[in-house]
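J.: For reference, the structure I am asking about is given below.
The values are calculated or read from the model by the stated rules, or taken from the named source; none is laboratory data. Computed from a predicted structure; not experimentally measured. Cβ placement follows ideal geometry from the backbone for every residue including glycine, while neighbour counts extend to all protein chains displayed.
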Amino acid sequence: MGSSVAYVNGAVYVDEFDQNILNVDDNIYDASCSTGTYSNQVRAMRRVELSCRTVTTAQPLAADHPRATSIALDVSSPDLDTHVASHDVVISLVPFVHHPTVIRAAIRGKTNVVTTSYVSPAIRELEAQVKEARITVLNEVGVDPGVDHLYAIKTIDEVHSKGGKVKEFYSFCGGLPAPECSDNPLRFKFSWSPRGALLSQHNPASFLQDGKVVSIPNDELMAQAKPYHIIDGYSFVAYPNRDSVPFREFYGIPEAETVVRGSLRYEGNPEFVQALIRMGWLDTQERNWLSGREDVTLKELLRRAVGADSDEEGALISRIQELCAFSNDEEMERIVSGLRWIGLFSDRKATPRGNLLDTLCAELEKLMSFQPGERDLVMLQHKFVIEWKGGKKKTITSTLELLGDTNGYSGMAKSVGVTCGVATQLMLDGEPALNVAGVLAPYKAEICDPIRIALESEGIKLIERTI
C-alpha cells in the first residue's frame, strides 16, 4: 500500500509519492510548525492533509505545499477515525491531554502516530494496545523534549565509550523573544497560549543534587530562579522544570549525582511572575464575580484579587506590598510599574473569563503577542561535568542558539517543526528503530542518531565545547 500522513494540528515530512500524512493541529503555534519547516524534498514528494478546527485556518497552511490539502477536523470529530485510518502516519500536535484520543483512533485504524509531547501516563497505558495493533507511537520529537534528548544521548554515549562518567548533568531551554523584542515588564512574548506559558512557571519541580532528591513546591518555583550564563549578551535566569529525577535512568547515567532539567527566562521575569502568583492572578478556580460581567474594570478586579479596601491606586499598592514582600524598593517599583503597564490600576474594561488566570491572559494576549517584524529565540544548553579515569574532571557544553527570521518562520516553529518532520520522514522511509511496535521516545542512540543526523542536514545543530 502507498503511504499517507495525517496531520492533526501539526507538521509533516514525507518522501515517496504514495505516502500520506495527516496533521491534526489545534493552535496558532502548531500551525506555524506545519508551514515552511519542511525540507525541499518533503515539499515536493508526499501528500499531506492539514487539519484544524476550521478549514479557513487550515487553508493558508496548505498553500505552500504543492501536495497538501486542508480540512476541518479536531479530536472530537466523528470523522476522526476515517481520516486517521486513510493515512500512513498521523502527526498529533493537539494539547497533550488529547493525544490518547488520537492514538486510540490510530490503534483502530492501524496508523502510526508522531507527537512532540512527553510520554504521559495516559499514553503509556495504551502501550499494550499499540503493540497489539503493530503500530509505532513516536513521542518527544520537538525541541524540548526532542532536540535536547538527541544531543544528551550523543554526548553521554561518547563519554561512556571513552571510559568517562557523567557526574553532573544540567539542561536548560527557553523559547523567548529575541533580546531586542523583550520590551515589556515580563520580558516575554507569547507565540502560544499565555495560560500554558504562565502555568509552566507555577509547577512543582524535583531534581537530583549531590545524590539527594530536592523537591520544590509550585508556589516557591520562581524563587529558585538563578542567573545562568550561556552566551555573552544574554541575561538569563534558570529554574528547574517538573521532575528531572527519572532522566538519570532515561539517559543511562546511573553514576550522576546531580541531574537538573529546567527552563530559561530573562532576568526580571521570575520576580514578576512570583508577584502575580502572590496576588492570586494564576488562580484557575472559577469565580461567580468573573462570569457574565461586561462592565467591570481592571482595577476593580485587582481589588477583588488582592483583597484591598478600595480600588484607589494607593490602597491597591499598599495591599500588593503586603502580599508580595518585595526584597527592596527597586523591585517593588519595577513590578508596580509593570502592573500599571498591563492596565491593572486603570478604569479600562476587563474581559472576564470565569477565573483570574484566564482574565489576566485576555489582557496579556493583547499586549504581549509577537508583532510583524519581531523574532523569537530558542536557546538550549546541556552542561556535562565529566569524571575521567584517574579522577580528572572536565565540563562539556552543548549549545543551540536559534533565532527566528524577521517576518519569516520563528525559531520555535523551525526547531519543533523540522525535528518532528524529519522524524516522520525517517519513519516513512523505513528506519528500523522508528518502526518498532510500541510507545517510543528518543532515549537510545538507534532512535536519536538518525534523527540528529537528518536534523543537522537541515541546519539545526548544537555546538559542543570543552571548558
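J.: Could you please let me know if ALA238 is in contact with a helix residue (DSSP H, G or I) (Cβ under 8 Å, 6 or more places away or on another chain) and within 30 Å of ILE386 (Cα to Cα)? Outline the logic, then answer.
T.: Values: in contact with a helix residue (DSSP H, G or I) (Cβ under 8 Å, 6 or more places away or on another chain): no; within 30 Å of ILE386 (Cα to Cα): yes.
Considered against the rule, which asks whether it is in contact with a helix residue (DSSP H, G or I) (Cβ under 8 Å, 6 or more places away or on another chain) and within 30 Å of ILE386 (Cα to Cα), ALA238 comes out as no.
J.: Right, something else. Residue check: is SER120 of a type in the set (Gly, Ala, Ser), assigned by TED's automatic domain parsing to the domain that holds SER51 and surrounded by fewer than 17 Cβ atoms within 10 Å (Cβ to Cβ)? Break it down into steps so the answer makes sense when it comes.
T.: Numbers: of a type in the set (Gly, Ala, Ser): yes; assigned by TED's automatic domain parsing to the domain that holds SER51: yes; surrounded by fewer than 17 Cβ atoms within 10 Å (Cβ to Cβ): yes.
For SER120, the condition - of a type in the set (Gly, Ala, Ser), assigned by TED's automatic domain parsing to the domain that holds SER51 and surrounded by fewer than 17 Cβ atoms within 10 Å (Cβ to Cβ) - is met.
J.: Further question: Output yes when any residue across the range 261-272 is among the hydroxyl-bearing types (Ser, Thr, Tyr), surrounded by fewer than 14 Cβ atoms within 10 Å (Cβ to Cβ) and at pLDDT 95 or above, and no when none is.
T.: No, the conditions are met nowhere in the range 261-272.
J.: OK, next. Can you tell me how many residues within the range 276-295 are surrounded by 12 or more Cβ atoms within 10 Å (Cβ to Cβ), touching a Pro at 6+ places or on another chain (Cβ under 8 Å) and not in a helix (DSSP H, G or I)?
T.: Here the count works out to 1.
J.: Being at pLDDT 95 or above and small (Gly, Ala, Ser), is that true of even one residue in the range 339-348?
T.: Kept after step one, since they are at pLDDT 95 or above, are these residues of the range 339-348: 339-348.
Now drop any that are not small (Gly, Ala, Ser), which leaves 343, 346.
Within the range 339-348, one or more residues are at pLDDT 95 or above and small (Gly, Ala, Ser).
Okay, residues lined up against (1) within 21 Å of the chain's Cα centre (by Cα); (2) free of Cβ contacts under 8 Å to residues at least 60 places away in the same chain:
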residue: SER182; (1), (2): yes, no
residue: PHE207; (1), (2): yes, yes
residue: ASP210; (1), (2): no, yes
residue: ASN218; (1), (2): yes, yes
residue: TYR228; (1), (2): yes, yes
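J.: Additional query: Looking at the range 308-318, can you tell me whether even one residue there is under 27 Å from LEU377 (Cα atoms), out of contact with any Phe, Trp or Tyr (no Cβ under 7 Å at 6 or more places or on another chain), of a type in the set (S, T, N, Q) and not assigned by TED's automatic domain parsing to the domain that holds SER161? Reasoning before the result, please.
T.: Step one: filter the range 308-318 for residues under 27 Å from LEU377 (Cα atoms), giving none.
No.
J.: Enumerate the strands (runs of 3 or more DSSP E) found wholly within the range 142-246, keeping only those where 1 or more residues are surrounded by 21 or more Cβ atoms within 10 Å (Cβ to Cβ). Spell out how you get there, then give the answer.
T.: On the way: elements: 165-177, 205-209, 212-216, 236-240.
It comes to 165-177, 205-209, 236-240.
J.: Next up: Could you grab me the full set of residues in the range 304-322 that are within 26 Å of ASN203 (Cα to Cα) and either surrounded by 17 or more Cβ atoms within 10 Å (Cβ to Cβ) or at pLDDT below 95 (or both)?
T.: Just the residues of the range 304-322 that are within 26 Å of ASN203 (Cα to Cα), to begin with: 304-307, 319-322.
Scanning the range 304-322 gives ALA305, VAL306, ARG319, ILE320.
J.: Looking at the range 84-99, which of the residues that are at pLDDT 90 or above and not in a strand (DSSP E or B) is surrounded by the fewest Cβ atoms within 10 Å (Cβ to Cβ)?
T.: Quick first cut of the range 84-99, residues at pLDDT 90 or above only: 84-92, 97-99.
Adding the requirement that they be not in a strand (DSSP E or B) leaves 84-88, 97-99.
Values: VAL84: 27, ALA85: 16, SER86: 14, HIS87: 27, ASP88: 25, VAL97: 11, HIS98: 20, HIS99: 26.
The residue in question is VAL97.
J.: Moving on to the next point. Among the residues of the range 122-141, which ones are more than 19 Å from LEU400 (Cβ to Cβ) and either touching a Pro at 6+ places or on another chain (Cβ under 9 Å) or in a loop (DSSP other than H, G, I, E, B) (or both)?
T.: In the first step, residues of the range 122-141 are kept if they are more than 19 Å from LEU400 (Cβ to Cβ); the result is 122-139.
Of everything in the range 122-141, those that are more than 19 Å from LEU400 (Cβ to Cβ) and either touching a Pro at 6+ places or on another chain (Cβ under 9 Å) or in a loop (DSSP other than H, G, I, E, B) (or both) turn out to be ALA122, ILE123, GLU125, LEU126, ALA133, ARG134, ILE135, LEU138, ASN139.
J.: If you check LEU380 against the conditions, is it at negative phi, assigned by TED's automatic domain parsing to the domain that holds PHE172 and not in a loop (DSSP other than H, G, I, E, B)? First the steps, then the outcome.
T.: On the way: at negative phi: yes; assigned by TED's automatic domain parsing to the domain that holds PHE172: yes; not in a loop (DSSP other than H, G, I, E, B): yes.
Yes.
J.: From the set of residues in the range 321-334 that are part of a helix (DSSP H, G or I) and in contact with a helix residue (DSSP H, G or I) (Cβ under 7 Å, 6 or more places away or on another chain), which is farthest from ASP309 (Cα to Cα)? Don't jump to the end; show me each part of the working.
T.: So the first thing to find is which residues in the range 321-334 are part of a helix (DSSP H, G or I), and the list is 321-324, 329-334.
Cutting the leftovers down to in contact with a helix residue (DSSP H, G or I) (Cβ under 7 Å, 6 or more places away or on another chain) gives us 321, 323-324, 331-332.
Values: GLN321: 14, LEU323: 14, CYS324: 17, GLU331: 24, MET332: 20 Å.
Ranking the candidates gives GLU331 first.
J.: Can you tell me which residues in the range 444-455 are more than 11 Å from LYS154 (Cβ to Cβ) and either among the acidic types (Asp, Glu) or loosely packed, with under 13 Cβ neighbours inside 10 Å (or both)?
T.: GLU446
J.: Hey, among SER310, SER337, SER263, SER318, which residue is assigned to a loop (DSSP other than H, G, I, E, B) and of a type in the set (Ser, Thr, Tyr)? Explain how you work it out, then say what you get.
T.: Details: SER337 fails: assigned to a loop (DSSP other than H, G, I, E, B); SER263 fails: assigned to a loop (DSSP other than H, G, I, E, B); SER318 fails: assigned to a loop (DSSP other than H, G, I, E, B).
Criteria check complete, one pass: SER310.
J.: Another question, if that's okay. I'd like to know if the range 409-426 contains one or more residues that are surrounded by fewer than 17 Cβ atoms within 10 Å (Cβ to Cβ) and either under 28 Å from THR111 (Cβ atoms) or of a type in the set (Val, Ile, Thr) (or both). Can you show your working first?
T.: To start, the set of residues in the range 409-426 that are surrounded by fewer than 17 Cβ atoms within 10 Å (Cβ to Cβ) comprises none.
No, every residue in the range 409-426 fails to be surrounded by fewer than 17 Cβ atoms within 10 Å (Cβ to Cβ) and either under 28 Å from THR111 (Cβ atoms) or of a type in the set (Val, Ile, Thr) (or both).
J.: Let me ask something else about it. Just the residues that are in contact with a helix residue (DSSP H, G or I) (Cβ under 8 Å, 6 or more places away or on another chain) and assigned to a loop (DSSP other than H, G, I, E, B), please, taken from the range 100-121.
T.: Listed by number, the residues that qualify are LYS110, THR111, THR116, SER117, TYR118, SER120.
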